[in-house]
1. In a solvent-free Debye calculation with one equal scatterer on each Cα, what is log10 I(q)/I(0) for the range 1-100 at q = 0.21 Å⁻¹, listed in the order of the q values?
2. What's the center-to-center distance, using Cα atoms, between the range 123-152 and the range 70-91 in Å?
3. Taking only Cα atoms, what is the 0 to 90° angle, nearest 10, from helix 28-41's long axis to the longest principal axis of the chain?
4. Compare the peptides 130-137, 2-9 by average per-residue count of other Cβ atoms within 10 angstrom and give them in order, highest first.
5. Could you work out which residue, out of 17, 121, 109, moves most in a Gaussian network model of the chain, that is, has the largest mean-square fluctuation with Cα springs under 10 Å?
6. Which whole-number percent is the relative contact order of the range 36-153 (Cα, under 8 Å, 6+ apart)?
7. What order, most packed first, do the peptides 140-147, 66-73 have when packing is the mean number of other Cβ atoms within 10 Å of each residue?
8. In degrees from 0 to 90, rounded to the nearest 10, what is the angle of the helix 128-138 Cα long axis to the longest principal axis of the chain?
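A short reminder: the numbers here are calculations on the coordinates, not readings from a lab. Just so you know, these numbers come straight off a predicted model, no measurement behind them. Note that each Cβ is placed from the backbone with ideal geometry, even for glycine, and that neighbours are counted across all protein chains shown.
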């Protein structure tokens, strides 16, 4: 082929460290905008970012020359720094290590966009841990439930 053609839709999900519910509604929209801009800075194309007090969903088009882990490392590090430098919390803000990444076809794009958009409504009915475990199972991801989330001991 003379050219490269691609359309890679990715949804990444990651939580606040220890799943602490610290993303306040008063500054949540700013954080979502920062996350979306950081995704765009990598060269990817942000479609939507949304979340609730303890986790975030990012839905974007990935460039084929980038690794999802590099994109997420940059986005999570820079957004943590933004939260901390903005003085939004009295304690240090950190994302949990790791993330979930799931691929979708162009036919699923609108459904996933609307799902991410409706996070607050969705989580009024289902908690994050249940949702995340169901998503892993639906996507046939092998996992050990003992290592899904970092927990305070």
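1. Relative scattering, expressed as log10 I(q)/I(0), comes to -1.05.
2. Their Cα centres are 23 Å away from one another.
3. Between the helix axis and the principal axis of the chain, the angle is about 40 degrees.
4. On the way: 130-137: 14.2, 2-9: 9.1.
Top to bottom by mean Cβ count within 10 Å: 130-137, 2-9.
5. In this elastic network of the chain, the residue with the biggest mean-square fluctuation among 17, 121, 109 is 121.
6. Normalised by residue count, the contact order of the range 36-153 is 25 percent.
7. Details: 140-147: 8.2, 66-73: 15.0.
Per-residue mean Cβ counts within 10 Å order the peptides as 66-73, 140-147.
8. In the chain, helix 128-138 runs at an angle near 20 degrees to the longest axis.
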